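Asks: Dropping the structure in here first, questions after.
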């Protein structure tokens, strides 16, 4: 369930080259929105901007409750609006953890006042994300949870994971899985490979992810349940997902902009803003992720937007927490680094940022269609801008793109019939 | 990624061996040699850095590195002070950045940093205007150790070009090994890393070395460089026991030939990675290394303060 802010819908018109890949649309159109609903779609000569179904981010850390110094529902959803998103899913690894209907209910109430774009709240799989006891999944689903995840931590016990798959069948909600075998990742701060070996950084091998991906795919198949694999980073994980899909398994996967653009070579800078979990991996991993995204085996781009306080990132690499922000830079970064060099088509990028994630979580797909609620983004593909610390709507600035000039800018975002961002 | 916090004026640091060219290394070693000669000949103290301030900021325990940096600064007539993490504001939770900013307010010319985390000296360099010398950061780099090791080898064997060095032991956790491999590659030496597969990380060949798990490879080397084997590695299951480690990789008299020299960065675990008979033999250069530490660190302080500034290549060279 997505929580929509209280308030009125808008009336407006967007025109340009409309690209809606899943609907087979690529033509110059004028889209009229009245009271939040698309009422007219007609030909136009204007093609200054690209207008597309707005984006859906299945992986955002809003840090509320508990770390409102880093992000709030308000600031995080403003960042989402500026990034072209019409819907986001927030992670439950907050303080306290979203593992009870009271914590979830309080968030839903706050979101009705604060959420600039519709927001779904995931609830934890295990109480306190401790990996020992299941949360009250049926009641959490009833109270509006969007999905279940222990993101930030793996479900270490295979037995508990199996129970979670079985019991969550009472709900219509997916399990979204952070795959990490802690006995393999312990002490790891960068991908196990030449860069970590040369620099002497604690290694975090690909197998720490892929053995858990394989385990969870097997368990899900045996229990006939759908799972979503979060922030995939390793080619071995892609191979496991491919094999499961080939057997007819019901799984989806997501990949982040930073894993699609960077490799562990970036770690040589020792910049804490290239430290993420899972870590940036090798060139061949990046190639496997790009290929899986093109083929659709990975159907979602997720930012894993993870705000951190400035003082927590202004420390030596190994002492810094994992995670980077991404909502406000995702489209521009991927347009600049993948679409412009011809690695990915614009159509595929737009689809994997919108329809792909919406389908993976059973959310309503943003569509360009008369009668549909307006969820639209207008993009200026030629506009250049430089990512700066003071340019974010997010409360945090731990971006891996600081100082970089990107090409492609979100100019308008309409989310659930409301104008939520205008450049 | 350009670092928006980098200072406007480039300063000369020694953060990593990767900051240096072959000419830089040879100049520092030559400076160290002439300092050694003048210290022997005349007096124990030179006026070279009078009026300069050198701060030693040590977040890890150290005997020889801290002592030699202090003494090196004093022998060059610099004012020096040493801050250890225990007993300072670090105990009260002060961040490295704030400690660096605090020290920077005294306008030191050089800050020497030792820290358990990779990149700590780089962070100090970003936040102060001082020249920063890395005295060991995590498992990353210990460039002055590598320089003093090269100095010791050159003094003992008369050359560096073509020298073959076997580095034996726990490479995975060793900043000494990483710095030494890079330094030897710069001056035309060759390194082979020898140790169990759990302690020699795959991919480290990229630094410019070979790897093997067979101690027999040490027999072909001019220098056998022994790394410290830390007891806590057993708890982490890197090796099943120190006994087996010693049996497989311990440097015993049987494993060295008279034409080889043996080095160790200290502190030694006698009877574990190095047999006491080897440690106390004529072949062992361990005390030469300690003596070299003083003159090489004098040369490094002199070099960062007097040679034309260049931006740290390691930082500037990375996208």
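The values are calculated or read from the model by the stated rules, or taken from the named source; none is laboratory data. From a predicted model like this one, the values you see are computed outputs, not experimental measurements. Heads up, the Cβs are rebuilt from the backbone with ideal geometry, glycines too, and the neighbour counts pull from every protein chain shown.
Asks: Looking only at residues that are surrounded by fewer than 24 Cβ atoms within 10 Å (Cβ to Cβ) and farther than 13 Å from residue A:400 by Cα in the range A:273-287, which one is nearest to the other protein chains (Cβ to nearest Cβ)?
Replies: Residue satisfying both the conditions and the ranking: A:282.
Asks: From B:286, B:226, B:239, grab the single residue that is closer than 25 Å to residue B:185 by Cβ and in contact with a helix residue (DSSP H, G or I) (Cβ under 7 Å, 6 or more places away or on another chain).
Replies: B:286 is the lone residue from the list that is closer than 25 Å to residue B:185 by Cβ and in contact with a helix residue (DSSP H, G or I) (Cβ under 7 Å, 6 or more places away or on another chain).
Asks: For the range A:9-28, which positions are touching a residue at least 60 places away in the same chain (Cβ under 8 Å) and over 30 Å from residue A:140 (Cβ atoms)?
Replies: Result: A:10, A:12, A:14, A:16, A:18, A:19, A:20, A:21, A:22, A:23, A:25, A:26.
Asks: I'd like to check which helices (runs of 4 or more DSSP H) are fully inside the range A:304-423 and have at least 3 residues that are within 14 Å of chain B (Cβ to nearest Cβ).
Replies: A:310-313
Asks: Tally time: how many residues in the range A:245-268 are out of contact with any helix residue (DSSP H, G or I) (no Cβ under 7 Å at 6 or more places or on another chain) and assigned to a helix (DSSP H, G or I)?
Replies: The number of residues fulfilling the criteria is 3.
Asks: Only one of A:124, A:132, A:48, A:106 is surrounded by 23 or more Cβ atoms within 10 Å (Cβ to Cβ) and at negative phi; which?
Replies: Numbers: A:132 fails: surrounded by 23 or more Cβ atoms within 10 Å (Cβ to Cβ); A:48 fails: surrounded by 23 or more Cβ atoms within 10 Å (Cβ to Cβ); A:106 fails: surrounded by 23 or more Cβ atoms within 10 Å (Cβ to Cβ).
Testing whether each residue is surrounded by 23 or more Cβ atoms within 10 Å (Cβ to Cβ) and at negative phi leaves just A:124.
Asks: Show the residue pairs meeting these rules: Cβ distance below 6 Å; 6+ apart or different chains; first residue within the range B:232-252 and assigned by TED's automatic domain parsing to the domain that holds residue B:214; second residue in a helix (DSSP H, G or I).
Replies: Note: pairs meeting the criteria are B:239/B:245; B:249/B:215; B:251/B:278.
Asks: Okay, next question. Across the range B:83-116, what is the total count of residues that are touching a residue at least 24 places away in the same chain (Cβ under 8 Å) and either surrounded by fewer than 16 Cβ atoms within 10 Å (Cβ to Cβ) or within 14 Å of another protein chain (Cβ to nearest Cβ) (or both)?
Replies: 13
Asks: Shifting gears a bit: Being touching a strand residue (DSSP E or B) at 6+ places or on another chain (Cβ under 8 Å) and more than 13 Å from chain A (Cβ to nearest Cβ) is the filter; apply it to the range B:117-131 and report the residue that is farthest from residue B:263 (Cα to Cα).
Replies: The extreme case among them is B:128.
Asks: From A:355, A:345, grab the single residue that is surrounded by 18 or more Cβ atoms within 10 Å (Cβ to Cβ) and touching a helix residue (DSSP H, G or I) at 6+ places or on another chain (Cβ under 8 Å).
Replies: Going through A:355, A:345 in turn, just one is surrounded by 18 or more Cβ atoms within 10 Å (Cβ to Cβ) and touching a helix residue (DSSP H, G or I) at 6+ places or on another chain (Cβ under 8 Å): A:355.
Asks: Could you tell me whether residue A:22 is at pLDDT 95 or above, part of a helix (DSSP H, G or I) and either touching a helix residue (DSSP H, G or I) at 6+ places or on another chain (Cβ under 8 Å) or under 25 Å from residue A:306 (Cβ atoms) (or both)?
Replies: Here the answer is yes, as residue A:22 does meet what is asked.
Asks: (1) within 21 Å of residue A:214 (Cα to Cα); (2) in contact with a helix residue (DSSP H, G or I) (Cβ under 8 Å, 6 or more places away or on another chain); (3) surrounded by 18 or more Cβ atoms within 10 Å (Cβ to Cβ): which one isn't true of residue A:151, the others all being true?
Replies: Against the list (1) within 21 Å of residue A:214 (Cα to Cα); (2) in contact with a helix residue (DSSP H, G or I) (Cβ under 8 Å, 6 or more places away or on another chain); (3) surrounded by 18 or more Cβ atoms within 10 Å (Cβ to Cβ), residue A:151 comes up short only on (2).
Asks: Anything in the range B:161-177 that is farther than 17 Å from residue B:230 by Cα, in contact (Cβ under 8 Å) with a residue 40 or more places away in the chain and not in a strand (DSSP E or B)? List them, or say none. Write out each step before concluding.
Replies: To start, the set of residues in the range B:161-177 that are farther than 17 Å from residue B:230 by Cα comprises B:161-166.
Next, from what is left, pick out any that are in contact (Cβ under 8 Å) with a residue 40 or more places away in the chain: B:163-166.
Once the filter is applied, which keeps residues that are farther than 17 Å from residue B:230 by Cα, in contact (Cβ under 8 Å) with a residue 40 or more places away in the chain and not in a strand (DSSP E or B), the range B:161-177 yields only B:163.
One line per residue, one yes/no per condition, for (1) farther than 23 Å from residue B:145 by Cα; (2) outside the structural domain of residue B:178 (by TED's automatic domain parsing); (3) outside any loop (DSSP other than H, G, I, E, B); (4) touching a helix residue (DSSP H, G or I) at 6+ places or on another chain (Cβ under 9 Å):
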| residue | (1), (2), (3), (4) |
| --- | --- |
| B:24 | no, yes, yes, yes |
| B:45 | no, yes, no, yes |
| B:49 | no, yes, no, yes |
| B:86 | yes, yes, no, no |
| B:97 | yes, yes, yes, yes |
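Asks: Quick one: in the range B:197-221, of everything that is within 9 Å of chain A (Cβ to nearest Cβ), assigned to a helix (DSSP H, G or I) and surrounded by 15 or more Cβ atoms within 10 Å (Cβ to Cβ), which residue is nearest to the chain's Cα centre (by Cα)?
Replies: Of everything passing the filter in the range B:197-221, B:207 is nearest to the chain's Cα centre (by Cα).
Asks: Quick one: is residue A:239 more than 14 Å from chain B (Cβ to nearest Cβ), in contact with a helix residue (DSSP H, G or I) (Cβ under 6 Å, 6 or more places away or on another chain) and closer than 19 Å to residue A:192 by Cα?
Replies: Numbers: more than 14 Å from chain B (Cβ to nearest Cβ): yes; in contact with a helix residue (DSSP H, G or I) (Cβ under 6 Å, 6 or more places away or on another chain): no; closer than 19 Å to residue A:192 by Cα: yes.
Taking the combined requirement at face value, the residue does not satisfy it.
Asks: While we're on this one: Taking the condition surrounded by 24 or more Cβ atoms within 10 Å (Cβ to Cβ) and free of Cβ contacts under 8 Å to residues at least 60 places away in the same chain, does residue B:185 pass? Reasoning before the result, please.
Replies: Details: surrounded by 24 or more Cβ atoms within 10 Å (Cβ to Cβ): no; free of Cβ contacts under 8 Å to residues at least 60 places away in the same chain: yes.
Answer is no for this residue.
Asks: Just to check your reading of the model, which residue among B:197, B:201 is in contact with a helix residue (DSSP H, G or I) (Cβ under 6 Å, 6 or more places away or on another chain) and farther than 22 Å from residue B:154 by Cβ? I'd like the intermediate steps shown before the answer.
Replies: Working: B:197 fails: in contact with a helix residue (DSSP H, G or I) (Cβ under 6 Å, 6 or more places away or on another chain).
Within the list B:197, B:201, the selection yields B:201.
Asks: Hey, can you tell me all the residues within the range A:188-212 that are within 18 Å of residue B:119 (Cα to Cα), without any contact (Cβ under 8 Å) to a residue 60 or more places away in the chain and more than 10 Å from chain B (Cβ to nearest Cβ)?
Replies: None; the set is empty.
Asks: Now a separate question. Scan the range B:122-160 for residues that are part of a helix (DSSP H, G or I), out of contact with any helix residue (DSSP H, G or I) (no Cβ under 8 Å at 6 or more places or on another chain) and outside the structural domain of residue B:35 (by TED's automatic domain parsing) and jot them down.
Replies: Answer for the range B:122-160, where residues must be part of a helix (DSSP H, G or I), out of contact with any helix residue (DSSP H, G or I) (no Cβ under 8 Å at 6 or more places or on another chain) and outside the structural domain of residue B:35 (by TED's automatic domain parsing): B:153, B:157.
Asks: Can you find a residue in the range A:334-353 that is touching a residue at least 60 places away in the same chain (Cβ under 8 Å) and under 12 Å from the mean Cα position of the chain (by Cα)?
Replies: Yes, there is a match, as at least one residue in the range A:334-353 is touching a residue at least 60 places away in the same chain (Cβ under 8 Å) and under 12 Å from the mean Cα position of the chain (by Cα).
Asks: Considering each residue of the range B:132-176, count those that are within 14 Å of chain A (Cβ to nearest Cβ) and within 9 Å of the chain's Cα centre (by Cα), and give that number.
Replies: The total comes to 9.
Asks: If you don't mind, another one. Which residue pairs have Cβ atoms closer than 9 Å, lie 6 or more positions apart in sequence or on different chains, and pair a first residue in the range A:164-181 that is modelled with pLDDT under 95 with a second residue that is outside any loop (DSSP other than H, G, I, E, B)?
Replies: A:172/A:141
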